[in-house]
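Asker: Please see the structure below; I have some questions.
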Amino acid sequence: MIKKALVALSAFTLISTTLSGCAGGSVDGHDELHFSDGWVRVSEFSDHVDGMTGAFATIENHTDHDVTLVGGSAEIAKMVEVHEVVMMDGEMKMQAKDGGILIKAGESVTLEPGGLHVMLMGLKEAILEGDEVTLTLDFDGYDDQTFTWPAKASLSGDEKYEPKK
Ligand SMILES: [Cu+2]
C-alpha cells in the first residue's frame, strides 16, 4: 500500500511540474529557463512562400549557469537562425548572430522586432494571423525546447536581411 501511494505522489509531482508556466527540464521549478510571450510574426512582409519571418519571446535564465540560444528548427521553415539587428550604412539590417544569443545566469533576454530574434527562413507556406507555429529552439547549456506560438502581425522590425559573405 505504501509503495502504491509513493508512486501516485511522484506521478502527481511530474504533472504539476509540466503544468507550471515554465518549460524546463528541472523538477524543482527553479533551475530552468522560463519562456514568456512567445509569438511568430506573420509573413506578410516576406514573399509568403520561400519567405522569412521572426519568432520572439522573453527568456529568463533561472539556472546557475549561462545558456546560449544557438539556433533551432521548424517544420514550416527550411532553416532557423539566431539573428541580431545592426546599423549598417545608415540602415537597420539583420544578420546571423555569431556565437548565438547569450542569456547569462539570473538574467533575461527579450527577443523582439528590431532587436535580437529567431529567424525562420525559407518558409514553406505563408504564416497568417491566428496560425500556430511549432518550432524548436536549440541551446548550449540547456535542453532543446519545442514551442507552439501564435502568429501575430507586427508593423515594426521589417529590417533588411544581409546574408553573411
Ligand atoms: Cu532576421
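The values are calculated or read from the model by the stated rules, or taken from the named source; none is laboratory data. As the structure is a computational prediction, the values presented were derived from the model and not from experiment. Glycine also receives a Cβ, built like all others from the backbone with ideal geometry; neighbour counts cover every protein chain displayed.
Asker: Which one of the conditions (1) over 23 Å from A153 (Cα atoms); (2) modelled with pLDDT of 95 or more does T110 fail to meet, given that it meets all the rest?
Answerer: All conditions are met except number (1).
Asker: Restricting the search to segment 84-101, which residues are in a loop (DSSP other than H, G, I, E, B) and exposed (fewer than 15 other Cβ atoms within 10 Å of the Cβ)?
Answerer: Here is the first cut: in segment 84-101, the residues in a loop (DSSP other than H, G, I, E, B) are 89-90, 97-100.
Listed by number, the residues that qualify are D89, G90, D98, G99.
Asker: For segment 75-89, give me each residue that is more than 10 Å from the ligand (Cβ to nearest atom) and of a type outside the set (V, I, T). Quick ask: steps written out before the conclusion?
Answerer: As a first pass, look at segment 75-89 and keep what is more than 10 Å from the ligand (Cβ to nearest atom): 75-80, 86-89.
Of everything in segment 75-89, those that are more than 10 Å from the ligand (Cβ to nearest atom) and of a type outside the set (V, I, T) turn out to be E75, A77, K78, M79, M87, M88, D89.
Asker: Considering each residue of segment 108-135, count those that are charged (D, E, K, R) and either surrounded by fewer than 13 Cβ atoms within 10 Å (Cβ to Cβ) or closer than 17 Å to M79 by Cβ (or both), and give that number.
Answerer: The first filter runs over segment 108-135 and keeps only residues charged (D, E, K, R), leaving 112, 124-125, 129, 131-132.
Next, from what is left, pick out any that are either surrounded by fewer than 13 Cβ atoms within 10 Å (Cβ to Cβ) or closer than 17 Å to M79 by Cβ (or both): 124-125, 129, 132.
So the answer is 4.
Asker: For the structure I just gave you, tell me whether T68 is at pLDDT 95 or above, closer than 19 Å to S154 by Cα and either away from the ligand (no atom under 16 Å from the Cβ) or loosely packed, with under 15 Cβ neighbours inside 10 Å (or both). Show your work before the answer.
Answerer: Details: at pLDDT 95 or above: yes; closer than 19 Å to S154 by Cα: no; either away from the ligand (no atom under 16 Å from the Cβ) or loosely packed, with under 15 Cβ neighbours inside 10 Å (or both): yes.
No; evaluated as a whole, the condition is false for this residue.
Asker: Residues being over 18 Å from V42 (Cα atoms) and more than 13 Å from the ligand (Cβ to nearest atom): count how many of those fall in segment 90-134. Before you say what the answer is, go through the steps one by one.
Answerer: Quick first cut of segment 90-134, residues over 18 Å from V42 (Cα atoms) only: 90-93, 95-110.
Retained after the next criterion (residues that are more than 13 Å from the ligand (Cβ to nearest atom)): 90-91, 98-100, 102-110.
Residues meeting the conditions: 14.
Asker: State all residues of segment 121-150 that are aliphatic (A, V, I, L, M) and at pLDDT below 95; if no residue qualifies, say none.
Answerer: Start the filter on segment 121-150 by keeping residues that are aliphatic (A, V, I, L, M), which leaves 121, 123, 126-128, 133, 135, 137.
Selection gives M121, L123, A126, I127, L128.
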